[in-house]
Amino acid sequence: MTLAPQTDLAPAAADVILSARDIAVQFGGLRAVDGVSLDVRRGEVVGVIGPNGAGKTTFFQVLSGFVRASAGEVRFLGDPITNLPPEAICRRGLTRTFQIVEVFPSLTVRETLTAAALVHQPMAAARRVAEETAALVRLKDKLDLTCRQLTLPDQKALEIGKAVATRPQMILLDEVMAGLRPSEAEEVVALIRRLRDGGITFLVVEHLMEVIMSISDRVVVIGAGRKIAEGPPDEVVRNPKVVEIYLGEEFELA
C-alpha cells in the first residue's frame, strides 16, 4: 500500500511540506498563540511540547482549520490554507487525530475506515483502502467489530487509521498516546515509524517525554503562546529555558 500520494513538486520545492508564519490567535483579551512560526520538512517527525495551557493545541487547531488564526499564514505544499475549513485541508492531504478518540460506537472498524477513505476514493476503492489500512494499524482481525467493542489501544490505532485512510501527505497527532500503558505506547511509536517509512510526515503533540524525544527528528517548545526553543531532541532537552518552564531539572534524556 502506498501511504502518501505522489507529488509533482520538484525536490527543492517539496522539502518544506508545512510552513506556518507568525501565527497568532486572540480570544478576547487572551493571546493564546503569539507569533509562532514553524517549518516541517517532508519525511520528518517533529514533536511539539510545552506546559498545559501553553498554546500547543490551539496552534494545532489553526493548522488543521478548527480555529481561525487572528494573524499569520499557513501554507501546505506551497499553497495557502490559512483559515480554510477542516474538510478542505484534509482533502489537500493534511489531516489530524484527536486526543479523545472520535468514533461512532455503533459503526464497525470496516465502516469507520471506509468512511474516512471516501475523502479521496469512490466506494469500491474506499473499501479496499479500509482493509489495507486495518492491516497496517494491526486491526485486520477486528474489521467487523463495532467501535464500542474495541479496547482503548485499539481505539487509538483506529484513530490513527482514520487519518491514514484519507491518504494524507502529513498527519498532526494530538496526544494519541494519552491513557496508554508504556508497552501500548511503544506499539504506537512503532506504528508511527512504519508510517513515516511509508512516506507520511508527522507533527506530534505529546506529553510523554521519553516518547517524544525518541521519535522526533526535531522538537519545538511552546510556552505562554510563544515558541521558546527548537532543535534536535538532545539539544532542546538541555536548553535552560526549557528546563525552567517545562522539563524540570530531574529530567534526563535517555
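No value in this document is a laboratory result; all are computed from the given coordinates. Because the structure is a prediction, the values reported are computed rather than measured. Quick reminder, even Gly has a Cβ in these numbers, built from the backbone with ideal geometry, and neighbours come from all protein chains shown.
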Which lysines, on any chain, are close to Lys162 with Cα under 21 Å apart, when same-chain ones fewer than 8 places away are left out? Lys140, Lys142
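Starting from the Cα-Cα distance between Arg91 and Ala135, subtract it from 0.36 nm times their residue separation and give me the gain in nm to one decimal.
Full extension from Arg91 to Ala135 adds 13.5 nm.
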In square nanometres, what is one fourth of the surface area of the convex hull spanned by the alpha carbons of the range 114-254? 9.6
Assertion target for Lys227, Lys56, ordered by fewest C-beta neighbours within 10 angstrom first, is Lys227, Lys56
How far apart, in nm, are the 7 Å Cα→Cβ label points at Ala224 and Gln149? 5.2
Quick one: putting +1 on the C-beta of Lys and Arg, -1 on the C-beta of Asp and Glu, what dipole do you get for the range 95-167 around its Cα centre, in Debye to the nearest 20? 120
Compute for the range 61-134: radius of gyration divided by Kirkwood radius, i.e. Rg/Rh, restricted to C-alpha atoms, rounded to two decimals. 1.05
By counting other Cβ atoms within 10 Å of each Cβ, how are Thr133, Thr146, Thr151 ranked from fewest to most? Thr151, Thr146, Thr133
Whole-number percent relative contact order across the range 95-167, with pairs defined as alpha carbons under 8 Å at least 6 apart: 47
Give me the distance in nm between label points sitting 7 Å out from Cα along the Cα-to-Cβ direction at Ala115 and Arg181, one decimal. 3.0
Please report the relative contact order for the chain, taking Cα pairs under 8 Å with a sequence separation of at least 6, and give it as a percent rounded to a whole number. 26
Once you have the Cα-Cα distance between Ala190 and Phe104, take 0.36 nm times their residue separation minus that, and quote the gain in nm to one decimal. 28.3 nm
